[in-house]
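Colleague: Mind looking over this structure? Questions follow.
The values are calculated or read from the model by the stated rules, or taken from the named source; none is laboratory data. Small disclaimer: the values here were computed from a predicted structure and weren't measured. All Cβ positions, glycine included, derive from the backbone under ideal geometry; neighbour counts span all protein chains shown.
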Amino acid sequence: MTHPTEPSQRLSMLESMMLIRAHEERLASLATPTSPGTCTAVGQEAAAVGVVRALQPRDRILTNHRSAGHLLARGADAGRLMAEVMGRADGYCKGKSGSLHISAEELGVVLTSTIVGGELSLAPGVALAQTMGQQEPGGITAVFFGDGAACEGIFHESINLAVTWRLPVLYVCENNQWQAYVRRDETMPVEHVADWVRGHRIESRTVDGNDVEAVHEAALEAAEVIRATGRPYFLELTTYRTRGHFEPDDQAYVDAGELAAWKSRDPIVLMTERLLRQGVAGHGEIAHLQQRVAATIDAALAFAQNSPWPDLRELTTDVYA
Amino acid sequence: MQTITPHDAIGQAIAEEMRRDSRVLMFGEGVATKRRELVAEFGTRRVRNTPLAEGIIAGTAAGAAAMGLRPIVDLLFAPFLTLAMDAIINSAGKLRFLSGGQFEFPMVVLTMTGAGWGVGGQHNHNLEAMFVHAPGLKVVMPSSAADFKGLMKAAIRDDNPVLFFMDLALAHAPGAVPDDDHLVPIGRAAVVREGRDVTLVSYAKTVGHCMQAAQALQAQGVSAEVVDLRTLKPIDEATVLASVRKTGRLVVVHEANRLCGVGAEIAAIVGEKAFDALKAPIARVTGLDAPAASSWVLEQASVPQPDAIVAAVRRLVDMELATA
C-alpha cells in the first residue's frame, strides 16, 4: 500500500486520533454512576479521522451518540465539547445537548440524533437541500452510524431514497461489532453490512476501519465518486469499540481474548508503529505529540469546569421559533 | 369569494406559497401522481412521489428543513404518523432546543383522519393530541374551507414543524374561500356562533355538529356559543376563557378518544383559570376509548352527534335548575 500523503499530514492524522482518544479517556475517567456519562468510540478513531479528513468545508456531517471523534476531527474545540458534555453554558449547544446530541453548525456538523438510525432518517433531506440550492453547490452529506443502526428499518428506507432520488450521501457504517450491550453476531447473519446493501444498487466498499490511511484513501475515493456521479456511496469500516457502551462500564460482558486481539490492532498503535518504521517520525516526536494533546485536554477540562451553568431561563428558550 | 373544497383549498394554498417562495417543496405518497397541477407548474424536483415509507419521508423533511428548505409532506392517513414519530417528535420537535437553537424545522406534515369513509381504525384515528403533547410542534385541524386554505398558508410560512390534520369528512365538502392572499394565523380560535348560556368548544367536523346542536338548543331557549379552536397547539386560551366567563358553562366536543384528549386540556385550563365563572361542571362529549370501526353505523355512532351534544348541555342546564 502506498501513502501519498505528506509526512506532516500523516503526523497530523495521528495527532488527531490521539486527541480524540485523550478527550474520551478523560471524560470516561470522570464518569460516575451519578454524573453525566458518555458513549465513547474508543478504538474507532481511525474511522472518524480518515473520513472527516477526506471531506471539504462545503460538505455536511451527521453523527450519532458516539460523536466526539467526528467533531474533533472536523476541528471542534475540545473545551467547548467538554463544556457541552458537562452541561455548561459555553458548550456548542449551550449545555442543552449534553454528550448525546452535539451539533455544531459552524463546523458543518449539522444534525445529531441519538435515536439509533435517527441520523439515517435526516441525511437524505440534508443532501436534498445541497442539490436544491440551499447549501454551497457540490457538497456531499456524510452520515456516520453503526451496525446497530443498520438493523433499523430506516437504514434501508434511507439508502433506497438516496439511490432513487440520486442524493449525494456518503453512508459511513462504523461496524464496531457491538450494538449497545449486544454482540453484532447475535443480531446479524452476515459479518458485513455491505452484504445487505448490494440489492439497493449503491456502490459500496468495506475497508479496515482501524487503518486510518486506508480509511482516508477509501473516503477520498468515495467522495470523488459521489461528486462525479451525484449518487450515494456506502463505505463500511470494520472496527471495534474497545470501551463499554456507556461510561462507567466494567465490560464484564466482553470476551477478554477478543478484546485483547482488537486492542493489538489499535488504530493509534498501528499508525504510530507505521510512522516509526517508515522513519516519518521518531520516538521523540511521538512523545511530543502526546504531550501536546495532553496539554490541550487539560486546558479543555479547565475551560469546561470554569464555564457557568446555563441560566434556568434556558429551560424554555429555543423550543419554538 | 369562491366556492371550493378543502382539498382544493389546500392545493391552492400550496401553489400560492410555492409561487411565492422557491424553498417550498412537497413530497409524499402519490403527491406527484395526484396533484398534477402542482407538477405542471413547479416540476418534478419540487413536487415528488416517494416510497411508501413514512419514516424516511418525515426524516427527509426534517433534514431538508434544517438546511433551509420548507418541505410539505403528505403522509396520507393519520395512523401512518406512528411510523414517522421519530422524525417528527425526536428530530423536528426536539433538535432546535437540543442544539441550543442552531437549527429550525419549517415543515408541514399533512394527514387525513376521521369518520366518513369507513376505512377503520388503521386509517381513521384522530391522534392529534399525541402531537399536542410533544414539545416543539404546532398542530392545526380546521373545519371550514377558508380556514383550510388560510391555515395551510400560515403553516407553510411558520418556522416550526406544523402538523396539519384534515378531517376527511370535510375534505370534499365545498365552502366559501376568499380569493385573495388569505392567511389565518396559527394559534387563534374563532367564535363561530355567539351565545349566552353555554360554550361549546370543538374543532374539525364536530364544529358543524355543535352548530346543529346550538340551533336545536335555541328552540329550547338555550343560547349556545360555539368556539372553533382551529389550532390545537398553541391553544387560544384567551378566546376559550373569555367565552366561558361569559356563559358560565363549558362542553368540549371532539371525535378523538376521550383520555388525555384536547378536551381534557381545555377542561383543565378552564378549571385552573376560570373556575369561579363556572355555574356547572365541565362536560366532555368525545370519542370512546376504542379504535374506530369500519361499519358505517358503528363509525357514525363513535362520533359526537348533535343529539348527544344537546343532551350534554341539557344535563348541565337541568342540573343547575335542580340545585337552584
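Colleague: Assess whether B:T82 counts as being of a type outside the set (D, E, K, R) and surrounded by 20 or more Cβ atoms within 10 Å (Cβ to Cβ). Let's see the steps before the verdict.
Modeller: On the way: of a type outside the set (D, E, K, R): yes; surrounded by 20 or more Cβ atoms within 10 Å (Cβ to Cβ): no.
It is false that B:T82 is of a type outside the set (D, E, K, R) and surrounded by 20 or more Cβ atoms within 10 Å (Cβ to Cβ).
Colleague: Same structure, new question: Give me a count of the residues in region B:132-149 that are assigned to a helix (DSSP H, G or I) and crowded, with 24+ Cβ neighbours inside 10 Å. Lay out the reasoning, then the answer.
Modeller: Our first condition is that a residue be assigned to a helix (DSSP H, G or I); within region B:132-149, this holds for B:132-133, B:145-149.
When the remaining residues are screened for being crowded, with 24+ Cβ neighbours inside 10 Å, the result is B:145, B:147-149.
Qualifying residue count, region B:132-149: 4.
Colleague: Mind checking which residues of region A:228-253 are aliphatic (A, V, I, L, M), touching a helix residue (DSSP H, G or I) at 6+ places or on another chain (Cβ under 7 Å) and farther than 24 Å from A:A22 by Cβ? Reasoning before the result, please.
Modeller: Filtering region A:228-253 down to residues aliphatic (A, V, I, L, M) leaves A:228, A:235, A:237, A:252.
From what's left, touching a helix residue (DSSP H, G or I) at 6+ places or on another chain (Cβ under 7 Å): A:235, A:237.
Correct list: A:L235 only.
Colleague: Suppose the filter is without any contact (Cβ under 8 Å) to a residue 60 or more places away in the chain, part of a helix (DSSP H, G or I) and surrounded by 20 or more Cβ atoms within 10 Å (Cβ to Cβ); does B:A213 pass it?
Modeller: Taking the combined requirement at face value, the residue does not satisfy it.
Colleague: For region A:134-158, what are the residues that are facing chain B (nearest Cβ under 8 Å), surrounded by fewer than 24 Cβ atoms within 10 Å (Cβ to Cβ) and not polar (S, T, N, Q)? Please lay out each step first, then the result.
Modeller: Filtering region A:134-158 for residues facing chain B (nearest Cβ under 8 Å) gives A:134-135, A:153-154, A:157-158.
Still in the running and surrounded by fewer than 24 Cβ atoms within 10 Å (Cβ to Cβ): A:134-135, A:153.
Passing the criteria: only A:G153.
Colleague: Same structure, new question: Can you pull out every residue in region A:104-144 that is without any contact (Cβ under 8 Å) to a residue 12 or more places away in the chain and closer than 19 Å to A:V52 by Cβ?
Modeller: Result: A:E105, A:E106.
Colleague: Right, next: Being within 16 Å of A:L71 (Cβ to Cβ), polar (S, T, N, Q) and surrounded by 24 or more Cβ atoms within 10 Å (Cβ to Cβ) is the filter; apply it to region A:107-133 and report the residue that is farthest from the other protein chains (Cβ to nearest Cβ).
Modeller: Within region A:107-133, the first condition is being within 16 Å of A:L71 (Cβ to Cβ), and the residues that meet it are A:107-114, A:119.
Then drop every residue that is not polar (S, T, N, Q), which leaves A:112-114.
Going one step further and asking which of them are surrounded by 24 or more Cβ atoms within 10 Å (Cβ to Cβ), we end up with A:112-113.
Values: A:T112: 8, A:S113: 6 Å.
Only one residue fits best here, namely A:T112.
Colleague: Would you be able to say whether some residue in region B:82-93 is charged (D, E, K, R) and either within 14 Å of another protein chain (Cβ to nearest Cβ) or farther than 23 Å from B:V24 by Cβ (or both)?
Modeller: Checked against the condition, which is being charged (D, E, K, R) and either within 14 Å of another protein chain (Cβ to nearest Cβ) or farther than 23 Å from B:V24 by Cβ (or both), region B:82-93 yields at least one hit.
Colleague: Condition first: more than 7 Å from chain B (Cβ to nearest Cβ), in a helix (DSSP H, G or I) and either surrounded by 21 or more Cβ atoms within 10 Å (Cβ to Cβ) or touching a strand residue (DSSP E or B) at 6+ places or on another chain (Cβ under 7 Å) (or both). Now tell me which residues in region A:159-168 satisfy that.
Modeller: A:I159, A:A162
Colleague: Over 18 Å from A:T141 (Cβ atoms) and at the interface with another protein chain (Cβ under 8 Å from one of its Cβ atoms): is that true of B:A53 in this structure? Show your work before the answer.
Modeller: On the way: over 18 Å from A:T141 (Cβ atoms): yes; at the interface with another protein chain (Cβ under 8 Å from one of its Cβ atoms): yes.
Here the answer is yes, as B:A53 does meet what is asked.
Colleague: Of all residues in region B:216-235, which are over 22 Å from B:E128 (Cα atoms), not in a loop (DSSP other than H, G, I, E, B) and not small (G, A, S)? Explain how you work it out, then say what you get.
Modeller: So the first thing to find is which residues in region B:216-235 are over 22 Å from B:E128 (Cα atoms), and the list is B:216-225.
Next, only the ones that are not in a loop (DSSP other than H, G, I, E, B) stay: B:216-219, B:224-225.
Of everything in region B:216-235, those that are over 22 Å from B:E128 (Cα atoms), not in a loop (DSSP other than H, G, I, E, B) and not small (G, A, S) turn out to be B:L217, B:Q218, B:E225.
Colleague: Also, quick follow-up: Does region A:35-58 contain any residue that is part of a helix (DSSP H, G or I) and under 27 Å from A:D318 (Cα atoms)? Please lay out each step first, then the result.
Modeller: At the first step, the residues of region A:35-58 found to be part of a helix (DSSP H, G or I) are A:45-52.
Cutting the leftovers down to under 27 Å from A:D318 (Cα atoms) gives us none.
Taking every residue of region A:35-58 in turn, none turns out to be part of a helix (DSSP H, G or I) and under 27 Å from A:D318 (Cα atoms).
Colleague: Could I ask something else about it? Which of (1) within 12 Å of chain B (Cβ to nearest Cβ); (2) over 21 Å from A:Q134 (Cβ atoms) does A:G75 not meet, given it meets every other one?
Modeller: Checking A:G75 against (1) within 12 Å of chain B (Cβ to nearest Cβ); (2) over 21 Å from A:Q134 (Cβ atoms), the one that fails is (1).
Colleague: Give region A:214-239 a look and list any residue that's of a type outside the set (A, V, I, L, M) and surrounded by 23 or more Cβ atoms within 10 Å (Cβ to Cβ), or say none.
Modeller: Within region A:214-239, the first condition is being of a type outside the set (A, V, I, L, M), and the residues that meet it are A:216-217, A:221, A:224, A:227, A:229-234, A:236, A:238-239.
Once the filter is applied, which keeps residues that are of a type outside the set (A, V, I, L, M) and surrounded by 23 or more Cβ atoms within 10 Å (Cβ to Cβ), region A:214-239 yields A:H216, A:P232, A:Y233, A:F234, A:E236, A:T239.
Colleague: Further question: Kindly indicate which of B:A238, B:A280, B:A290 is outside any loop (DSSP other than H, G, I, E, B) and small (G, A, S). Lay out the reasoning, then the answer.
Modeller: On the way: B:A280 fails: outside any loop (DSSP other than H, G, I, E, B); B:A290 fails: outside any loop (DSSP other than H, G, I, E, B).
The match here is B:A238.
Colleague: Taking the criterion of being more than 25 Å from A:T5 (Cα to Cα) and modelled with pLDDT of 95 or more, would at least one residue in region A:43-57 satisfy it?
Modeller: No: region A:43-57 contains no residue that is more than 25 Å from A:T5 (Cα to Cα) and modelled with pLDDT of 95 or more.
Colleague: Considering only region A:91-102, state which residues are without any contact (Cβ under 8 Å) to a residue 40 or more places away in the chain and at the interface with another protein chain (Cβ under 8 Å from one of its Cβ atoms). Spell out the reasoning first.
Modeller: First, pick out the residues of region A:91-102 that are without any contact (Cβ under 8 Å) to a residue 40 or more places away in the chain: A:92-93, A:97, A:101-102.
Passing the criteria: A:Y92, A:C93, A:S97, A:H101.
Colleague: While we're here: Looking at A:A142, A:A123, can you tell me which residue is part of a helix (DSSP H, G or I) and in contact with a strand residue (DSSP E or B) (Cβ under 7 Å, 6 or more places away or on another chain)? Give the derivation first.
Modeller: Details: A:A142 fails: part of a helix (DSSP H, G or I).
Residue meeting the stated conditions: A:A123.
Colleague: Which one of these does B:K233 not meet: (1) surrounded by 15 or more Cβ atoms within 10 Å (Cβ to Cβ); (2) without any contact (Cβ under 8 Å) to a residue 12 or more places away in the chain?
Modeller: So B:K233 meets the others, but not (2).
Colleague: Please find, within region A:169-186, the residue that is nearest to the other protein chains (Cβ to nearest Cβ) out of those that are part of a helix (DSSP H, G or I) and touching an Asp or Glu at 6+ places or on another chain (Cβ under 8 Å).
Modeller: That would be A:R184.
Colleague: Quick one: A:S16 ticks every box in (1) more than 13 Å from the chain's Cα centre (by Cα); (2) hydroxyl-bearing (S, T, Y); (3) under 18 Å from A:E213 (Cα atoms); (4) assigned to a helix (DSSP H, G or I) except a single one, so which number is it?
Modeller: (1)
Colleague: Same structure again: If you go through region B:157-202, how many residues are more than 29 Å from B:V119 (Cβ to Cβ) and within 14 Å of chain A (Cβ to nearest Cβ)?
Modeller: Of the residues in that region, 5 qualify.
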